[in-house]
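To start, the structure itself, in structure tokens.
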Amino acid sequence: MANEFAKMKHLRIGLVAAVLVVAVALLSLYTVVSSPNFSPEDPGAWNALLAGMSLGIPLLSPLLLAVIASRLTDIEHTGNGWLLQSAAGITPGGICRAKLVALGVVVAISTLVTSLVVLALGKLLAGILVPVPLGHWAGFTLCVLVVNLAVLALHILLSAKVENQLVALGVGVFGCVMAVFSQGLPAALAHMTPWGYYALAKAADYQGDGYVALPLAYPSIAVLAVVVGAVFALITFRFDRQEA
């Protein structure tokens, strides 16, 4: 595990995560600035920032998750890491699981920091006066984190299996398109791809004359976590048996 964190430091994975935090924060703030009906005293003022994050995270996360998964996994392909660590008794499946834990820590921190930064911007720059809907805000953060980790896990598997990392990055770009496109689809169709679950985690949207809160699809996102977790475990254990 320590090796994975050392690799991340060398590959500047933290910088990529920081880009996500800053970009989503700016997009969220832009949502407030560009809204003609925004008022800091409006009871639903926080919904503008939630809507901004609900758009910014799907727009950027799929590609940036593909980038960090690809960078941390590609080093095993180019440096014979699979073979060297296998000689030390660490199986390819074990390496993938370690990468998920290490990158998962980074993704969890960046997701939480993004949420807190946008919250602070709402108070300090947007001057929102009404109380923060903490329950809905925390629920949105949790749902987005689960979707991010699920997409990350799938990208680690893809980058481990396919040596050409351009494929993984291409899938990341496709994921950005699907994540944004899915926000206009019925919920049933949004369930069809892992990126569609960003739409199910959408916390607010513009309706009528302003932004309104939307219900979060907790059951669907919980099912995503279980299914992706099972798939990740199954495939990485198959990696272990193949190596044996």
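Positive contributions from Lys and Arg (+1) and negative ones from Asp and Glu (-1), summed over other residues with Cβ under 12 Å from the Cβ of N3, come out at +1. In order along segment 168-175, the phi-based Karplus estimate (6.51 cos²θ - 1.76 cosθ + 1.60, θ = phi - 60°) of 3J(HN,Hα) comes to 5, 5, x, 5, x, 5, 4, x Hz; Gly and Pro are listed as x.
Give the relative contact order (percent, whole number) for the chain; include only Cα pairs under 8 Å separated by 6+ residues. Don't jump to the answer; show the numbers that get you there.
Numbers: 326 pairs, mean separation 71.7, N = 244.
About 29 percent, as a whole number.
Out of every Cα pair in the chain, what percent are spaced more than 28 Å from each other? Kindly include the intermediate steps, with their values, before the conclusion.
Working: 10074 of 29646 pairs.
Distances greater than 28 Å cover 34 percent of the Cα pairs.
Share of carbon and sulfur in the accessible area of the chain stands at 72%, probe radius 1.4 Å.
The chymotrypsin sites (Phe, Trp or Tyr not before Pro) of segment 171-223 include none that DSSP puts in a loop with a beta carbon having at most 14 other beta carbons within 10 Å. Shown in residue order for segment 96-113 are the 3J(HN,Hα) couplings computed by the Karplus curve 6.51 cos²θ - 1.76 cosθ + 1.60 at θ = phi - 60°: 4, 5, 5, 5, 5, 5, 5, 5, x, 4, 5, 5, 5, 5, 5, 5, 5, 5 Hz (x for Gly and Pro).
The alpha carbons of segment 121-244 give a radius of gyration and a Dmax of 17.7, 62 Å, in that order. What the phi angles of segment 151-157 give under the Karplus curve with 6.51, -1.76 and 1.60, with θ = phi - 60°, is a coupling list of 5, 4, 4, 5, 6, 5, 4 Hz, glycine and proline written as x. Charge dipole of the chain (Cα centre as origin; +1 on each Lys and Arg Cβ, -1 on each Asp and Glu Cβ, all else neutral): 500 debye, rounded to the nearest 20. Distant-in-sequence amide contacts of Y211, defined by a placed amide H-H separation under 5 Å and a gap of 5 or more residues or a different chain, comprise nothing. Solvent-accessible surface (1.4 Å probe) assigned to L121 amounts to roughly 40 Å².
Computed over protein heavy atoms with a 1.4 Å probe, the accessible surface of segment 3-52 works out to 52 Å² per residue.
Measuring between alpha carbons in the structure, the pairs from K9/K202; K9/K99; K9/K161 lying more than 25 angstrom apart are K9/K202. Given a cut-off of under 8 Å on Cα pairs at least six residues apart, what relative contact order in percent is computed for segment 105-203? Relative CO of segment 105-203 lands at 27 percent. Please compute the net charge surrounding L129, taking Lys and Arg as +1 and Asp and Glu as -1 over other residues with Cβ under 12 Å from its Cβ. Taking every other residue near L129 into account, the sum is -1.
Taking only DSSP H segments of four or more residues, each worth -39500 (n - 2.57), what value at 222 nm results for the chain once the sum is divided by all its residues, to the nearest 500 deg cm²/dmol?
On the way: 10 runs with 183 residues, N = 244.
About -25500 deg cm²/dmol.
Contact order for segment 1-76, expressed relative to its length and based on alpha carbon pairs under 8 Å spaced 6+ residues apart, stands at 40 percent.
Using only Cα atoms, figure out Rg for segment 151-220 and give it as a multiple of 2.2 N^0.38 Å.
Working: Rg = 14.7 Å, N = 70, 2.2 N^0.38 = 11.1 Å.
Here the answer is 1.33, to two decimals.
For V105, the shell of other residues with beta-carbons less than 12 Å away shows a net charge of 0, using +1 for Lys and Arg and -1 for Asp and Glu.
By the Cα gyration tensor, segment 79-191 has an equivalent ellipsoid whose semi-axes, rounded to whole angstrom, run 35, 19, 12 from largest to smallest.
The values are calculated or read from the model by the stated rules, or taken from the named source; none is laboratory data. Please read these numbers as outputs of a predicted model, since none were measured by experiment. Glycine gets a Cβ as well: all are built from the backbone with ideal geometry, and neighbour counts include every protein chain shown. These area figures cover heavy atoms from the full protein model, side chains too; ligands, DNA and RNA do not enter into them. Shrake-Rupley method; radii C 1.70, N 1.55, O 1.52, S 1.80 Å.
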